[in-house]
Each structure stands twice: as structure tokens, then as C-alpha cells.
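Chemist: Below are the C-alpha cells for one structure; questions will follow.
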Amino acid sequence: MDASSTRTRLWARRTRPVKDIDDERIVAELYRDYHRPLLSFVMKLVGGDRQWAEDVVQETMIRAWRSVDQLDSEAESLMPWLATVARRVVIDDRRRKAARPQEAGEGALETLHIADGMEDLLRTVVVTEALKALSPAHREVLNETILRDRSVNEAAEVLGIPVGTVKSRTYYALRALKVALEERGALA
């Protein structure tokens, strides 16, 4: 039996019959005798999160203080009782965190992306300007094949040109569109 458990057991015997106990003395005794071993135990339970462990130890000490007249004065140590309470506090915390939505975090709100339609509008303007930079023949073939979603054969029939010409114009139109978009900074 070590000195701290003897001291706490004697303390429990001394304070049990007294109803008007000095709260500060009770908390000071508990912290002095059990803070370090309890914190070490709780750190393992919470995966090394020191802030959370400190919160759990504090809650455990408060519960011990509230239950001081129910503690076994014959026990060699209060550590088993404190460890059980701390484990339950950790379990309750985990359940509470799992039941509520994820917190936003520490980042500034200015860095959060909010869809306001401006990006889509800018993208449309940039693509429209890039399309204007193409030749009329290239714009015409992209309009039929991509925007109107026609096959090469259907586009050839609508435009009145051979299928091979539609294929080659589509290829070169897409290359020219890519260059025009890169010039406008739309592509990396």
C-alpha cells in the first residue's frame, strides 16, 4: 500500500461523517493523489488527445466529489472506481460525438467554398469567348457534334459535308479550343 492510497483512505474516513466539508480540500486531495495516474490511464483511452483526457479527468473528479459519501472508505485505493467512471465518461463522449453532425473545424469561414453560381457563370463566359476565337467551320462542327449531341454521320448530313471532314474538323476544333482555353487560364 503506497502513501497516497493510505492518505486518501484516511481522508475518506475523516471526511465521511462530516457534512460541511471544505470543497476545495476534497478536490485538492483527489487531484493530488489521483490526477497523474488517472490522466495516464485516460490518455490511453482517448488515443493520446491530451485536451480530451484533461476534460475526462476533470469530469471524473467532479463525479467523485459529488459521490464522496458513497465511496468505500475501506478500499485501498479509489483508482478502480475513478478508472471506471473515467471509462464511462469517454464512452459517453464518443456516443455524443457520433450522434451529432461533424463540427466545422478551426478554419476561417472565408476559406469555405459556397456554391453561388458565380463559378458556373465565369466558366460559361470563358468557354463562350474561347469558342468565338475558333473559325466558323470549327464552331459549326462542335455545335453539331458536342452541343447538339449528334453522331458524326448525323452532323455530316446536317452540315452537308463528308463524314471524314466532320471527323478531322472535330479533332482540330477541339485542339484549337483547348489552346484558346489555356490562353484564358481556364486549363492548367
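Each value in this text was obtained by applying a stated rule to the coordinates, not by laboratory testing. What you see is a predicted model; the values in this text were computed from it and never measured. Positions of Cβ are generated from backbone atoms using ideal geometry, with glycine treated the same way; all protein chains shown enter the neighbour counts.
Chemist: Just the number, please: Stokes-Einstein D of the range 118-183 in µm²/s, Kirkwood Rh from C-alpha pairs, 4 °C, 1.567 mPa s. List each step's numbers first, then the result.
Modeler: On the way: Rh = 12.2 Å.
Translational D for this selection: 106 µm²/s.
Chemist: Which of the trypsin sites (Lys or Arg not before Pro) found in the range 135-188 are in a DSSP loop and have at most 11 neighbouring Cβ atoms, other than their own, within 10 Å? All intermediate terms of the calculation are to be shown ahead of the outcome.
Modeler: Working: sites: Arg139, Arg148, Arg150, Lys167, Arg169, Arg175, Lys178, Arg184; in loops: Arg148, Arg150, Arg184.
Hits after loop and neighbour filter: Arg148.
Chemist: Ranked by Cβ crowding within 10 angstrom, fewest neighbours first, how are Leu82, Leu147 ordered?
Modeler: Starting with the residue having the fewest Cβ neighbours, the order is Leu147, Leu82.
Chemist: In the range 29-102, what GluC sites (Glu not before Pro) fall in a loop by DSSP, with at most 10 other Cβ atoms inside 10 Å? Don't skip to the answer; put the middle values down first.
Modeler: Values: sites: Glu29, Glu54, Glu59, Glu74, Glu76; in loops: Glu74, Glu76.
In loop regions of the range 29-102 (DSSP not H, G, I, E or B), the sparsely surrounded GluC sites (Glu not before Pro) are Glu74.
Chemist: Same structure again: How do Asp149, Asp69 rank when sorted from fewest to most other Cβ atoms within 10 Å of their own Cβ? Could the numbers behind the result be given before it?
Modeler: Working: Asp149 9, Asp69 13.
Lowest count first: Asp149, Asp69.
Chemist: Once the other residues with Cβ under 15 Å from the Cβ of Glu154 are scored (Lys, Arg +1; Asp, Glu -1), what is the net sum? Before the final figure, lay out each step's value.
Modeler: On the way: positive: Arg148, Arg150, Lys167, Arg169; negative: Glu140, Glu144, Asp149, Glu157.
Local net charge: 0.
Chemist: Tell me the label-point distance for the pair Thr124, Asp92, using the 7 Å Cα-to-Cβ offset, in nm and rounded to one decimal.
Modeler: About 5.4 nm separates the two model spin labels.
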